[in-house]
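Asker: Below you'll find the structure I mean.
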Amino acid sequence: LFPYTTLFRSKLFAAAAALSVLLAGSAFAADQNADKKVLATVAGETITQADLDQAMSGFDPQQRAAYASPEGQAQLLDNLIDFKVFARSGREQKLQNSPKYKEAMANLEQRLLFTLATEKILDEAGKTPATDQDAQKYYDEHKEIFQVPAAIRASHILIRADKNMPAKDQKAAQEKAADLIRDIKAGKTTFEDAAKNNSADGTRSRGGDLGYFSKGQMVPEFEKAAFALKKGEMTAKPVKTDFGYHVIKATDSRDASIRPFAEVKEDIKADLVRQKQVKAIQDERDALRARYGVKIAAPEAPASDDKKPAK
């Protein structure tokens with residue numbers, strides 16, 4: 001939303017957030033309303049509908065749809081049975097005593113402790129919400145953040161003509177666009193109908209309407225021609241871009257403005273809390289690095305070609 005949100009993309013915060021999400025998913029099993037219907041038994045250990053539901057909760061929407069049918073549920077149950085029998089076999093073989101198992105468990109413990117420690121800091125820092133006054137102060141001091149640039153609304157008709165087309169086909173596309181301009185000016189058709197019947201992109205269904213756009217959002221050739229038009233004007237000749245030939249009509253304009261405080265207040269308050277949380281994480285990180293005597297041995301820079309030893 002605002003420039004300082006880039007702070008939240010730090011590796012530390014991102015890792016904490018990602019692990020929190022993973023752990024939160026495991027809480028699904030604690031649902032008191034979960035279906036306890038027993039679907040299978042493995043060495044006396046039951047697999048219930050709640051277990052299937054828990055497994056489903058970790059899937060993306062496409063996977064959930066694939067396992068939602070009776071056949072999919074049967075396949076998922078079969079997979080859970082395999083999971084249980086192989087895990088039990090591994091325990092009987094005492095694989096939990098293997099170096100690989102111990103290393104994996106040590107890594108898992110570190111990830112869990114990292115998550116719990118950072119979550120505690122985030123929870124504490126987030127307990128006090130930002131006030132309307134806090135948000136107003138930030139808004140007043142950073143008005144430039146909330147500026148909405150000037151924009152125009154335009155429609156276009158695109159006649160495709162890419163650079164790989166034969167020259168005669170490109171010329172034909174240019175002439176077709178020029179003919180449409182003449183027909184619209186002569187009143188033989190409206191711009192909207194010409195777009196619906198001829199334009200080669202997705203805007204044709206809405207009469208070529210592109211909506212509002214500001215400078216920097218369109219390719220340079222299109223932007224220059226569009227912003228040179230006054231409201232209601234159409235380009236006098238086709239405009240060439242890498243997409244083809246365009247007929248452009250300006251339909252509206254909007255001056256630069258500042259988003260009103262009421263519109264952004266809640267966003268500012270939420271981001272101020274997140275900013276405080278990130279600062280708390282960063283402060284604690286710095287304190288812990290000092291406490292535990294962290295020392296970083298910087299990797300050696302590769303030698304440049306003129307400094308490499310002679311062979």
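The values are calculated or read from the model by the stated rules, or taken from the named source; none is laboratory data. Keep in mind that this is a model prediction, so the values were computed, not measured. When we count neighbours, we look across all protein chains shown, and the Cβ atoms used for this are built from the backbone with ideal geometry, even at glycine. Quick note on the areas: whole protein, heavy atoms, side chains included, nothing else; ligands and nucleic acids left out. Shrake-Rupley method; radii C 1.70, N 1.55, O 1.52, S 1.80 Å.
Asker: I want to confirm something. Restricting to segment 288-307 and keeping residues that are farther than 19 Å from residue 118 by Cα, under 37 Å from the mean Cα position of the chain (by Cα) and among the aliphatic types (A, V, I, L, M), which single residue is modelled with the highest pLDDT? Break it down into steps so the answer makes sense when it comes.
Answerer: Narrowing segment 288-307 to residues farther than 19 Å from residue 118 by Cα: 293, 295-307.
Within this subset, residues satisfying the condition of being under 37 Å from the mean Cα position of the chain (by Cα) are 295-302.
Those still in the list that are among the aliphatic types (A, V, I, L, M) too: 296-298, 301.
Details: 296: 90, 297: 87, 298: 76, 301: 65.
For segment 288-307, the residue satisfying everything is 296.
Asker: Where in segment 106-222 are there helices (runs of 4 or more DSSP H), lying wholly inside it, with at least 1 residues that are without any contact (Cβ under 8 Å) to a residue 40 or more places away in the chain, among the small types (Gly, Ala, Ser) and farther than 22 Å from residue 249 by Cα? Walk me through it before giving the result.
Answerer: Working: elements: 132-141, 167-185, 191-198.
Where helices (runs of 4 or more DSSP H) fall fully within segment 106-222 and carry at least 1 residues being without any contact (Cβ under 8 Å) to a residue 40 or more places away in the chain, among the small types (Gly, Ala, Ser) and farther than 22 Å from residue 249 by Cα, they are 167-185.
Asker: Please go through segment 234-271 and pick out each residue that is among the aliphatic types (A, V, I, L, M) and either open to solvent by 30 Å² or more (accessible area, probe 1.4 Å) or within 30 Å of residue 159 (Cβ to Cβ) (or both). Give the derivation first.
Answerer: Initial filter on segment 234-271 (among the aliphatic types (A, V, I, L, M)): 234, 236, 239, 247-248, 250, 256, 258, 262, 264, 268, 270.
The answer is 234, 236, 239, 247, 248, 250, 256, 258, 262, 270.
Asker: Please go through segment 274-302 and give me each residue that is open to solvent by 80 Å² or more (accessible area, probe 1.4 Å) and either in contact (Cβ under 8 Å) with a residue 60 or more places away in the chain or touching a Gly at 6+ places or on another chain (Cβ under 9 Å) (or both), ordered by number.
Answerer: Within segment 274-302, 274, 276, 279, 285 meet the criteria.
Asker: Taking segment 204-222, which residues are under 27 Å from the mean Cα position of the chain (by Cα) and more than 20 Å from residue 193 (Cβ to Cβ)?
Answerer: Restricting attention to segment 204-222, the residues satisfying the condition of being under 27 Å from the mean Cα position of the chain (by Cα) are 209-220.
Within segment 204-222, 212, 213, 214, 215, 216, 217, 218, 219, 220 qualify.
Asker: Considering only segment 57-80, I want to know if a residue exists there that is open to solvent by 40 Å² or more (accessible area, probe 1.4 Å), acidic (Asp, Glu) and under 31 Å from the mean Cα position of the chain (by Cα).
Answerer: yes
Asker: I'm told residue 148 meets every condition in (1) surrounded by 15 or more Cβ atoms within 10 Å (Cβ to Cβ); (2) among the hydrophobic types (A, V, I, L, M, F, W, C); (3) within 30 Å of residue 256 (Cβ to Cβ) except one. Can you identify the failing condition by its number?
Answerer: Only one criterion is unmet by residue 148, namely (1).
Asker: Continuing with this model, one more query. Which of (1) open to solvent by 70 Å² or more (accessible area, probe 1.4 Å); (2) at pLDDT 95 or above is the odd one out, the single condition residue 204 does not satisfy?
Answerer: (2)
Asker: To continue, here is another question. Can you say whether residue 196 is among the basic types (Lys, Arg) and under 30 Å from residue 181 (Cα atoms), as far as the supplied structure shows?
Answerer: Numbers: among the basic types (Lys, Arg): yes; under 30 Å from residue 181 (Cα atoms): yes.
The answer is yes for residue 196.
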